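Heads up, the thing below is written out as structure tokens.
The values are calculated or read from the model by the stated rules, or taken from the named source; none is laboratory data. Remember, predicted model here, so these are calculated numbers, not experimental data. Ideal geometry is used to build each Cβ from the backbone, glycine not excepted, and the neighbour counts take in all protein chains shown. Just so you know, the surface numbers come from the protein's heavy atoms only, side chains and all, with ligands and any DNA or RNA stripped out. Shrake-Rupley method; radii C 1.70, N 1.55, O 1.52, S 1.80 Å.
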Amino acid sequence: MKLYSCHACGGSMEWDGASGGLKCSNCGTTVKVEDTEALGYHPYETLPEFTSLQDFPEQVIQCPGCGAEIKADAKTVSMGCPYCGASLVFDDRQLYFAKPDGVAPVMISGDKVRQLVKEWCGRHMFAPNLASKHLEVKFVSPQYIPFWVFRAHVRGEYSGRGGKDRTVTRKNDDGTTVTRTVTDWYPIHGTVSDDLENFGVSADENINKEYADFLFDSTPDDAFAEWKPEYFAGSYSFIPTVPVEDAEEQAKDDMKSELESRTESELRNQYDHVEFSSFDVEYSDMAWLLDQIPGYFVICRYHGGIYVDVVNGVTGEIHGTYPVSFLKVAIAFILAAAASFAAFAFFVPESVSVCTNESCRFSWGVFGTSAAIFGVIALIVYVCIHLWLKGRVLGRDELQKNPWLAEIIEKIK
């Protein structure tokens, strides 16, 4: 176990992306950490042996900084002392399992995270006007998420059919012309192959997949450096809890989907429609690496609502939920519905008028019937939008569906 403390005042040293080294939270002293290039892929024959968490039972340790007894659970690699804030890194535990091949050091400070989240929530079209002012932002210190990353040569053999559209015109008995689209289908089959790389799968089973995928996809390839324990000072990090073999299966599924999508895109240069009846793949030259990517997991409160966001600790990009003003949504919907009904009445005049051989006249009865039908349809659409916003934007069930969020809330109380 390593304790990172300031040689000048004894304060806790934490990784600071702005200075590119460790910085004392008390006196501001900095110590430069030289970064080196991240390691490359490993042949698949050299898979690390998965280590059960039972090999690392929860420990009660004495903080080297203040002497307090603190608990370190089975998978913890780095943490801060809850009493004195000392930065503790269990690098021996990390190395016993598998040394990360690359780590993307934290570049965004906690103060910057608070500012970014407030701005992000406030600038959405349907956000309350005072969201950025009255939003309460609480977050965990940056947490490193481990990712198994794979590459492979993928060969696919497919069969199916491709369709080409053509227009057919014919005349009816009454002299009117009718056109319709007809699709001609042709059998297709072939073989494709490609070298695919950078397919990441979260190695922490407790992290929400949507948030983990966001962190991986939003982190630039050039952000990684060779792992050093100093990068974890002041952050939470954990050993992988997903065996590499399980992650491999997910990565293979993603590779197959990618190759299938590329093949379909190429075939659409010849066909208007493509349908595969089979798409069989083979994998060779599999290789893997273990990366660590930092993220801030943020809990926001606004007028009794709880909103969950994740901030990429490297780029500052944000993904998650935010407050919505249902008054704004209702006004926008009413205006859109009124405009749609006006357009409908203009292009379908019989919906609001009664026409005879001599003239057309406005009819309240026809208008009322049409408005009632349109209103019912609009109400159903609005209810669907309302429920979608509550489920998707407000994140009302996030705590029940994601137990790891409860742990985050416990840390930031």
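So, R0 is 30 Å and r is the distance between the beta-carbons of VAL168 and ASP280; what FRET efficiency does that work out to, to 0.05? Working from the Cβ atoms, E equals 0.25.
Between the C-alpha center of region 77-143 and that of region 301-336 there is a gap of 19 Å. Can you classify the chain as rounded, prolate or oblate using the Cα gyration tensor, where a ≥ b ≥ c are the square roots of its eigenvalues, rounded means a/c under 1.5, and otherwise it's prolate if a/b beats b/c and oblate if not? Oblate shape, in that a/c is at least 1.5 and b/c is the bigger or equal ratio. Positive-end ranking of PHE238, PHE374, ALA8 along the dipole of the chain, with charges on Cβ about the Cα centre, is headed by PHE374. Spatially close Lys pairs in region 52-211, defined by Cα atoms under 19 Å apart and a spacing of eight or more places or different chains, total 6.
Potential lengthening of the chain between TYR186 and LEU327 amounts to 45.5 nm, from the contour at 0.36 nm per residue minus the alpha-carbon distance. Under a Gaussian network description of the chain, with springs only between Cα atoms under 10 Å, the residue in ASP213, ASP184, ASP254 that fluctuates furthest is ASP184. Among the protein heavy atoms of the chain, carbon and sulfur supply 51% of the accessible surface, probe 1.4 Å, non-protein parts ignored.
For VAL381 and ASP194, the difference between the fully extended length at 0.36 nm per residue and the C-alpha to C-alpha distance is 62.9 nm.
Counting only Cβ charges, +1 for Lys and Arg and -1 for Asp and Glu, the dipole size of the chain around its Cα centre is about 2340 debye.
Can you work out the FRET efficiency for the pair ALA18 and GLU266, with r the C-beta to C-beta distance and R0 = 35 Å, to the nearest 0.05? Plugging the Cβ-Cβ distance into 1/(1 + (r/R0)^6) gives 0.20. Computed about its Cα centre, the charge dipole of region 169-246 is approximately 600 debye, with only Lys, Arg, Asp and Glu carrying charge at their Cβ. Given springs between every Cα pair under 10 Å in a Gaussian network model of the chain, which of ALA203, ALA86, ALA339 has the largest fluctuation? Result for the chain, Cα springs under 10 Å: ALA339 fluctuates most. Taking all protein chains together and rolling a 1.4 Å probe, ARG166 ends up with roughly 110 Å² accessible.
Sorted from longest to shortest, the spans of the Cα atoms of region 1-154 along the three principal axes equal 56, 53, 33 Å. Past the 21 angstrom mark, what percentage of all C-alpha to C-alpha distances in region 187-331 do you count? Summing the P(r) tail past 21 Å for region 187-331 gives 61 percent.
Taking 0.36 nm per residue of separation and subtracting the Cα-Cα distance, full extension of the segment from GLN59 to ASN26 would add 9.0 nm. In the context of the full set of protein chains, the chain has a per residue accessible area of 54 Å² (1.4 Å probe). The residues packed around TRP185, meaning those with a beta-carbon under 14 Å from its beta-carbon, carry a net charge of -1 if Lys and Arg are +1 and Asp and Glu are -1.
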